[in-house]
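This report concerns only the one structure given below.
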Amino acid sequence: MNFNRRNFLKTSLIGGVGCAFIHPAHIHASPATSHQSLSKVALTTGNHRADLVFRALQPFSEQIKRGIGNRRVILKPNNVIIDRQLAATHADTLEGILEFLKSIGITQNIVIAESAANGPTLDGFSNYGYMRLAAKYPVKLVDLDSQPVEKLYVADEKDLKPHPVRFSSLLLDKDSYVVSVAKMKTHDRVIATLSLKNIVFGAPVKDIGGGWGPKYHKPGMVNDKPIVHGSGIKGTNYNLFVLSQILHPDLAIIDGFEGMEGNGPNYGTPVDHRICLAGLDWLATDRTAIELMGIDFAKIAYLSYCAQAGYGVADPDKIEIIGEPVSKHKRTYKLNDNVDRQIIV
């Protein structure tokens, strides 16, 4: 691979270099790559998180039940940090999903699974009130750091070599029906973080009990999450694109009840948006969220790459919105202070 840094992304995208880092057995088509003329995304508004997500999922009841079949259901929240609710998936959103699953007869083999970035995953579950869900519903709380892993390779923009990373076997397993329960947030490397990034960057694991920062990082502990960032903004976007082939969600849910703007994904400020999105085409769902946030989609590198590769629908003219019209609920989210450095397309 005789690539210099300037043409790293362009050449590798054209030549499909990223596929070489992934074992062929893992690659599977996204549900979004079917030949349907329109992708459907549900948009609901209201004053209660659980009700919002329940109503957003109802138009897809038959497809979701059929898609789950006998597979385990993994609800993957976005708990990038374990001690700030604004940055994390709310327990009420998860409860709305569990009530929906119960309404379509899915009451067994359901887990809420995460590998939190900055500290022990189960501490985050406790801080955010997930324990009450396990007491009320037949759902298990799973720390992905304690579960089996598989080794995959990601790129690094400094040396352009593949680097090994431990990824969650549960999220890679084709017998898992993966639901991304994401937050609508701005980001410091990819401008916005939504349903795809929640899965791709939640899948790398760390040693149990570890995390970023001196509070949780003890001598000898290994955290594989930073490796996936590829040493920079270009590496992060490229790895998101490559890994989307195997780690995209089967069902995308984006909680925008209270979004985050500014210096996300951890330390931004709240946006009282009161919306929820759901769709079986994760790219169409993320594309719709970008529009609702008032962001130029062309500036979101990793999503633009996925659109160019045909991993879903990103043309608004080919996305059917069920429920509320997007035009009525657009906001202009303030972006991260370093947004100018993030625009690489």
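Some observations on this one:
- Correct choice for Rg/Rh (Cα atoms, Kirkwood Rh) that was computed from the model, options (1) 0.99; (2) 0.93; (3) 1.06: (2)
- The stretch 263-330 has equivalent-ellipsoid semi-axes of 20, 17, 10 Å, by the square roots of 5 times the alpha carbon gyration tensor eigenvalues, sorted largest first.
- Highest-MSF residue in the chain out of ILE253, ILE319, ILE104 [GNM, Cα springs under 10 Å]: ILE104
- The antiparallel fraction among DSSP beta bridges confined to the stretch 32-342 stands at about 50%.
- Paired Rg and Dmax values of the stretch 140-223, which use every Cα atom, in angstrom: 14.3, 41
- Cα gyration tensor, the stretch 237-284 - rounded (a/c under 1.5), prolate or oblate: oblate
- Computed over the chain, relative contact order equals 23 percent, with contacts defined as Cα pairs under 8 Å that lie 6+ residues apart.
- MRE, 222 nm, helices only [DSSP H, n ≥ 4, -39500 (n - 2.57), over the chain, to nearest 500]: -8000 deg cm²/dmol
- Here the Karplus relation 6.51 cos²θ - 1.76 cosθ + 1.60, evaluated at θ = phi - 60°, turns the backbone of the stretch 166-183 into coupling constants of 7, 10, 4, 5, 4, 6, 8, 5, 5, 8, 9, 9, 8, 10, 8, 9, 9, 9 Hz, with x for every Gly and Pro.
- Order of CYS276, CYS306 under a 10 Å beta carbon neighbour criterion, fewest first: CYS306, CYS276
- Subset of LYS206/LYS318; LYS158/LYS206; LYS65/LYS234; LYS102/LYS218; LYS136/LYS234; LYS140/LYS328 violating a 32 Å alpha-carbon distance limit: LYS206/LYS318; LYS65/LYS234; LYS102/LYS218; LYS136/LYS234; LYS140/LYS328
- Listed by Cβ neighbour count within 10 Å, with the fewest neighbours leading, SER244, SER126 appear as SER126, SER244.
- Between ASP51 and LYS330, the simple spin-label model (points 7 angstrom out along Cα→Cβ) gives 2.8 nm.
Here, each number is a calculation from the coordinates, and none is a lab measurement. Since the model is a prediction, treat every value here as computed from it, not as a measurement. Methodologically, a virtual Cβ is constructed for each residue, glycine included, from the backbone with ideal geometry; neighbour enumeration extends over all protein chains shown.
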